[in-house]
Amino acid sequence: MMRVTEKKFNLNLLIRDNIKAMRPYSSARDEFNELNSNNMIFLDANENPFENDVNRYPDPHQKALKEVLATIKNVNSASIVIGNGSDEVLDLLFRAFCEPNVDNIITLPPTYGMYGVLANLNAIENKRILLTDDFQPNVSSILNRANEHTKMIFLCSPNNPTGNTFSETEILKILKEFKGLVVIDEAYIEFSEKPSWLKRINEYENLVIVQTLSKAYGMAGLRLGLLFASPEIIAVLEKIKPPYNVNSISQKIAIEKLASMKYIYEIEELKSERERVMKALVRCKIVTEIFPSETNFILFRVDNATFQYHQFLQNGIVVRNRSNDSLCRSCLRITIGTPKENDKVIELLKNLKNV
Ligand SMILES: *Cc1c(COP(=O)(O)O)cnc(C)c1O
């Protein structure tokens, strides 16, 4: 039996035919993009000419923001796609590589729900292969279930909602054996002590990394998702993305906030706050199991998730009930708040009653 996984990686075989054939929309800013030419009169995009800070279309290639990110992340600008949140860059992957009603993807529940939603939206079969009991990928099942129509495997590491990272050895096996795209979602990587996979995008041509400015960087409202991969993969995604997908206000504010470096101190504070909440959970009598966290949230098991969810709610604290996720029976997920908010959580944990 010839195993699909033994074929060499060939990006051209992964791209949908209609995507290969299409010509991208050419925006006014693509045809003339020297926006800094102060003495030019821009009458090419049917914009309102009166300055009000937002009357011009944004840079479709987000050049300035990419340069800042390239420095922070130590990658080449040509290896970055920026989207309107991670959700948009994830959707671009489906549109570029997955043929509706033909191709499939592999996801590893319990994990981020958006991969499955995007698979449905794009009419792509989602092969769900449960994580093991210690929340690690089951590599032999994954490789067995992959076939010639499996275009992508989604690895969320650190994983939402479990909070752990996946073992490096297991991820390496998948990267080496699977010749479709291996998408590692690192939305929470800044909260982990483990290294990002970002520095390996030059080593593995099937590796795609997704990160976000929504969590550690504190900019969820700006909707900025980042995708990193080889320049060849990036070129395909840049070709199909909506030209003005990242608005000018988001680009501008992100550049300012990234320059301030404030987020670096906040990440350290959130990590130490996480340990404080963790200790209070250990002492709390409704809690039966706590899962280690390399994120800004903690998953924990209680005597009865619905009952305890409402007990939190009645005390003014909204947590997430994850008890319907696979392997998450009776589990709640709590995000780490400010020190003051966590004080309230810790106080409440002393007083919560069993069901
Ligand atoms: C929060 C989160 C994201 C971020 O999504 P945005 O659209 O960038 O806000 C991505 N992946 C996972 C696993 C998340 O939990």
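The values are calculated or read from the model by the stated rules, or taken from the named source; none is laboratory data. Fair warning: this is a prediction, and the values are worked out from it, not measured in the lab. Cβ atoms come from the backbone with ideal geometry, glycine included; neighbour counts cover every protein chain shown.
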### Task
Being within 16 Å of the ligand (Cβ to nearest atom), under 19 Å from Leu222 (Cα atoms), modelled with pLDDT of 95 or more and not aliphatic (A, V, I, L, M) narrows it down to one of Glu88, Glu67, so name that one.
Glu88
### Query
Do you know which residues across region 172-195 are within 14 Å of the ligand (Cβ to nearest atom) and either outside the structural domain of Asp91 (by TED's automatic domain parsing) or not in a helix (DSSP H, G or I) (or both)?
Val183, Ile184, Asp185, Glu186, Ala187, Tyr188, Ser192
#### Entry: Matching option when the condition is in the same structural domain as Ile253 (by TED's automatic domain parsing), within 19 Å of Ile234 (Cβ to Cβ), β-branched (Val, Ile, Thr) and surrounded by fewer than 18 Cβ atoms within 10 Å (Cβ to Cβ), among Thr132, Thr71
Thr71
### Message
Being in contact (Cβ under 8 Å) with a residue 60 or more places away in the chain and either more than 30 Å from Tyr263 (Cβ to Cβ) or surrounded by fewer than 16 Cβ atoms within 10 Å (Cβ to Cβ) (or both) is the requirement here; does Lys340 meet it?
### Response
no
### Query
Taking the stated definitions as given, is Asn38 in a loop (DSSP other than H, G, I, E, B), polar (S, T, N, Q) and modelled with pLDDT under 95?
yes
#### Entry: Residues that are more than 11 Å from the ligand (Cβ to nearest atom) and surrounded by 21 or more Cβ atoms within 10 Å (Cβ to Cβ), drawn from region 202-231
Asn206, Leu207, Val208, Ile209, Phe228, Ala229
### Message
Within region 277-304, take every residue that is surrounded by 15 or more Cβ atoms within 10 Å (Cβ to Cβ) and hydroxyl-bearing (Ser, Thr, Tyr) and give me the one that is farthest from the chain's Cα centre (by Cα).
### Response
Ser293
### Message
Can you tell me which residue is farthest from Glu289 (Cα to Cα) among those in region 343-355 that are touching a Lys or Arg at 6+ places or on another chain (Cβ under 8 Å) and surrounded by fewer than 16 Cβ atoms within 10 Å (Cβ to Cβ)?
### Response
Lys350
### Query
Being assigned to a loop (DSSP other than H, G, I, E, B), within 19 Å of the chain's Cα centre (by Cα) and among the β-branched types (Val, Ile, Thr), is that true of even one residue in region 67-78?
yes
### Task
Would you check if there is a residue in region 142-154 being within 15 Å of the ligand (Cβ to nearest atom), crowded, with 18+ Cβ neighbours inside 10 Å and hydroxyl-bearing (Ser, Thr, Tyr)?
no
### Task
Please enumerate the residues belonging to region 143-167 that are under 21 Å from Gln211 (Cβ atoms) and either in a loop (DSSP other than H, G, I, E, B) or without any contact (Cβ under 8 Å) to a residue 24 or more places away in the chain (or both).
Ser157, Pro158, Asn159, Asn160, Pro161, Thr162, Gly163, Asn164, Thr165, Phe166, Ser167
